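Worksheet: the structure to be examined is printed underneath.
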């Protein structure tokens, strides 16, 4: 026999289960109408945002972003194209799509996506297509993000911006695994970063610059630029070095530039202007139009180590003691296949120099080959102080090592270097550009008391 209380209890439980299910089903369309079934995110369709819609979806897109920000919820966009423009991002944005398939296309008429004083902005798996549309005067890039506390741009594409691809001001966070191509200015431009990492990106075919780390005034920055691939950077706006650089540091201190592959830039692969305590290590710099690696103007402290330079007008320059540029180490680099032809008529020391340094600098353990003017140039006129060049190999050069003997030049030590197949002398003293001594590798310092020249091997 069945226990009557068990039967009644089971019936009551079943009724409760059914009631709960009915209440949940009835509540879902109203209480969670705008929430996606996936991960509790915002449902774009609830706002009329749909892939492939023929018209501009900016108004609906903006409402969707605001709702997600207010609810602190993510948004997942389906594959397809979305035409938008003039989107002012709310304080919190977590927007993702299917990499390579979810496309936000600039509808034209002014800015595309911009933010000011945002808490958290995260983009993932999106294509931002500028379509070369006019962006207006009020923004600096296709993605124009200012004063963002936490930024994450991951696995995205940024194409055909009519200004910079990504323009950042006063922003912390990361840009990684992205592809930025076809920008009319630079691929990535950062000013006054507050803790930024730019890593594992591909930047190419940009008209004026690859990755730019700048500040309005000289100061600490600390941006890390690591493991990026940068290629085919032009200098459409001309100049003698402000454009055409794969990686450019300007006034930003404490920047780390490591393990990047930089090729086919109109000027420098890596150029640090007035950036103190910069580290440039382990980079591959191929076919640079001017000086491949540069530390210049008002910097104090530069470590340039273990880089490969193959093809450039000049290899490595650590210069501008006249402007205060000083204090560096240059070690373990390979510099080869230089040219006497640059992107403008040769000035000052000219082109075809392997490594040039001026003040408070050691040059050790480098290998220079095929430097038509000279393997190393130590000092320029009176701008020479406390330079040590030791343990280097110079092969196939016009002059092996040129050193300034102008009145007022400071101490230089040139010892234990190997110099082979140097056409116009192993170690030659110069007054400015003019050779004025016999080969110092044979006779020592020749009476120039600021020089120590010893134990160099010439063959």
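For (1) at pLDDT below 95; (2) in a loop (DSSP other than H, G, I, E, B); (3) surrounded by fewer than 18 Cβ atoms within 10 Å (Cβ to Cβ), each residue gets a yes or a no:
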| residue | (1), (2), (3) |
| --- | --- |
| 121 | no, no, no |
| 135 | no, yes, no |
| 143 | no, no, no |
| 165 | no, no, no |
| 180 | no, no, no |
| 189 | no, no, no |
| 205 | no, no, yes |
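Residue under question is residue 136, and the condition is that it be under 24 Å from residue 246 (Cβ atoms) and out of contact with any helix residue (DSSP H, G or I) (no Cβ under 8 Å at 6 or more places or on another chain); does it hold? Here the answer is no, as residue 136 does not meet what is asked. Scoring residue 289 on the criteria (1) buried (at least 20 other Cβ atoms within 10 Å of the Cβ); (2) assigned to a strand (DSSP E or B); (3) over 12 Å from the mean Cα position of the chain (by Cα) leaves a single failure, condition (2).
Exactly one residue out of 369, 358 is at pLDDT 95 or above, buried (at least 17 other Cβ atoms within 10 Å of the Cβ) and over 16 Å from residue 294 (Cα atoms): that is 369.
Scanning region 123-133 for residues that are closer than 13 Å to residue 184 by Cα and crowded, with 24+ Cβ neighbours inside 10 Å yields a single hit, 130. Considering only residues in region 382-398 that are assigned to a loop (DSSP other than H, G, I, E, B) and in contact with a strand residue (DSSP E or B) (Cβ under 6 Å, 6 or more places away or on another chain), the one that is surrounded by the fewest Cβ atoms within 10 Å (Cβ to Cβ) turns out to be 391.
Contact map, region 76-101: first residue on the phi > 0 side of the Ramachandran plot and assigned to a strand (DSSP E or B), second residue surrounded by fewer than 20 Cβ atoms within 10 Å (Cβ to Cβ) and at pLDDT 95 or above, Cβ cut-off under 6 Å, separation 6 or more or different chains; pairs are 80/51; 80/52. Within region 409-425, the set of residues being closer than 16 Å to residue 437 by Cβ and not in a loop (DSSP other than H, G, I, E, B) comprises 412, 414, 419, 422.
Of note, residue 341 satisfies the criterion of being part of a loop (DSSP other than H, G, I, E, B), closer than 22 Å to residue 432 by Cα, within 29 Å of the chain's Cα centre (by Cα) and touching a residue at least 24 places away in the same chain (Cβ under 8 Å). The residues of region 297-311 that are without any contact (Cβ under 8 Å) to a residue 40 or more places away in the chain and either assigned to a strand (DSSP E or B) or within 18 Å of the chain's Cα centre (by Cα) (or both), listed by number, are 300, 301, 302, 303, 304, 305, 307, 308, 310, 311. Of all residues in region 441-459, exactly one satisfies the criterion of being closer than 11 Å to residue 415 by Cα and in a helix (DSSP H, G or I), namely 441.
If you filter region 167-178 down to residues that are buried (at least 23 other Cβ atoms within 10 Å of the Cβ) and under 14 Å from the mean Cα position of the chain (by Cα), you find that the one that is nearest to residue 135 (Cα to Cα) is 167. From the list 391, 400, 379, the one residue that fits, being in contact with a helix residue (DSSP H, G or I) (Cβ under 9 Å, 6 or more places away or on another chain) and more than 25 Å from residue 299 (Cα to Cα), is 400. Just one residue in the set 28, 33, 63 is surrounded by fewer than 16 Cβ atoms within 10 Å (Cβ to Cβ), at pLDDT below 95 and touching a helix residue (DSSP H, G or I) at 6+ places or on another chain (Cβ under 7 Å); that residue is 33.
The values are calculated or read from the model by the stated rules, or taken from the named source; none is laboratory data. These numbers were taken from a predicted model, which means no experiment stands behind them. Glycine gets a Cβ as well: all are built from the backbone with ideal geometry, and neighbour counts include every protein chain shown.
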